[in-house]
Amino acid sequence: MASRPVIALDATYSVDTALSGVGVYSREIMWGLAEAHPEAKFAWCYRPHKLLRSLADRFPSNASRRLLRYARPPKASLFHALNQRVETEGGARLTPIVTTFHDLFVMTGDYSTPEFRKRFSDQAMRAAERSDLIIAVSAFTAEQVKALLHPDVPVMVVHHGVYTPAAPPPGDADRENIILHVGAIQKRKNLVRLIQAFEALSNPEWRLVLAGSPKGFGAEEVLEHVKASPAAARIDVTGYVEARDLEALYRKARIFAFPSLDEGFGIPVIEAMAAGVPVVTSETSALKEVAGEAAILVEPTRTDSIVEALRALVAAPGLRNQLREAGYKRAKEFPWSKAVSGTWDCYKQVMRP
């Protein structure tokens, strides 16, 4: 009888107190693989500062906990680095390595400090060099990986996922006059232009809700703009929002605005679609790939383009309903089960018995 494969994964990001998109991805892939492949064993590996936090999680019967050592990947049929970080020694190794790349915006724009950019770039290059296969979460990210890192290994696209409710989400009549944005307050999210576009609406019955951590790169400029805005009384900066409260926000909002300057995927866009919120997002980076024809696409560096899209949706309940239905249908094309099966297909290309 053939031995059961042992899949080791870097589970470090799955136990953050305030889960980022990478944290959500890590948990969905980890638990999804364990459920879909009971014939395999899974070693969930944590860096030392996260190992104790993982004790709160109840593991599937075919998963176990390990300490992730920096010098070498764990002994296994395969090691999956879930966040473009592979801290292993170079040279020959016994364990094949698969690495997921989520984005490379730090290397392509002024969205971080120079020190962080260098550290990130070195880490990304090292991960590409030490991988046997790279998973990119979008075709856009795959092209960036090939152009910037020149990996000598296959690069496969496996999109992120989302859960769509079994019952259709609330219709327009059951929602509030809220324009919602979800994501950390940072320069890359293009929030100053979004705030300026909101100010230009001149519709006092509408509110803008910015849901996300206020500690991103460039957040100070955004928060100062909110404070000085003539519409400040109608702009809410919530801070990080727990999953249950975020779901409630999605169900209340009439419009979702996400004019980001650079995204490797853009999970909030597909989450909003799954929740039945009509979406305005950028025609650049991976966002057009994710949104397809189910959103209004804008030129994110042009405030007037954002204004035009918001005005169209504010004025037309029929258009909102049309996009709500299109977005809900679009979200169903991105189930997490598809991401899990695509990941396993990648494993089969490099896994050793």
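For the range 97-116, the set of residues classified as farther than 14 Å from Glu263 by Cα, of a type in the set (Ser, Thr, Tyr) and in contact with a Phe, Trp or Tyr (Cβ under 6 Å, 6 or more places away or on another chain) consists of Ser112 only. Which of the residues belonging to the range 295-330 are outside any helix (DSSP H, G or I) and among the hydroxyl-bearing types (Ser, Thr, Tyr)? Across the range 295-330, the qualifying residue is only Thr301. Is the range 32-45 home to any residue that is part of a strand (DSSP E or B), under 17 Å from Thr343 (Cβ atoms) and of a type in the set (Lys, Arg)? Yes, because at least one residue in the range 32-45 is part of a strand (DSSP E or B), under 17 Å from Thr343 (Cβ atoms) and of a type in the set (Lys, Arg).
Evaluating Glu129 against the criteria (1) touching a residue at least 60 places away in the same chain (Cβ under 8 Å); (2) over 23 Å from the mean Cα position of the chain (by Cα) leaves one unmet condition, (1).
Once the range 20-54 is narrowed to residues that are in contact (Cβ under 8 Å) with a residue 60 or more places away in the chain and aliphatic (A, V, I, L, M), the residue that is nearest to Glu271 (Cα to Cα) is Val24. Each residue in the range 16-53 was checked for being of a type in the set (S, T, N, Q) and within 16 Å of Val162 (Cβ to Cβ), and 2 of them qualify. If you go through the range 259-294 and pick out every residue that is outside any loop (DSSP other than H, G, I, E, B) and either more than 13 Å from Val182 (Cβ to Cβ) or more than 15 Å from the chain's Cα centre (by Cα) (or both), you end up with 8. Among the residues of the range 69-88, those identified as in a loop (DSSP other than H, G, I, E, B), modelled with pLDDT of 85 or more and either over 17 Å from Ala36 (Cβ atoms) or not assigned by TED's automatic domain parsing to the domain that holds Asp122 (or both) are Ala76, Asn83, Gln84, Arg85, Val86.
Taking Ser61, is it at pLDDT 90 or above, of a type outside the set (Val, Ile, Thr) and not in a helix (DSSP H, G or I)? Criteria met by Ser61.
Filtering the range 1-17 to residues that are more than 19 Å from Leu55 (Cβ to Cβ), at pLDDT below 90 and either among the small types (Gly, Ala, Ser) or in contact with a Lys or Arg (Cβ under 6 Å, 6 or more places away or on another chain) (or both) leaves Ala2, Ser3, Arg4.
The residues of the range 145-176 that are over 23 Å from the mean Cα position of the chain (by Cα) and over 30 Å from Lys348 (Cα atoms), listed by number, are Ala167, Pro168, Pro170, Gly171, Asp172, Ala173, Asp174, Arg175, Glu176.
Here's a check for you: in the range 179-222, which residue that is polar (S, T, N, Q) and under 23 Å from the mean Cα position of the chain (by Cα) is nearest to Glu242 (Cα to Cα)? Selected residue: Ser213.
The values are calculated or read from the model by the stated rules, or taken from the named source; none is laboratory data. Nothing here was measured: the structure is a model prediction, and the numbers come from that model. Here Cβ is always computed from backbone atoms with ideal geometry, including for glycine, and neighbour counts include all displayed protein chains.
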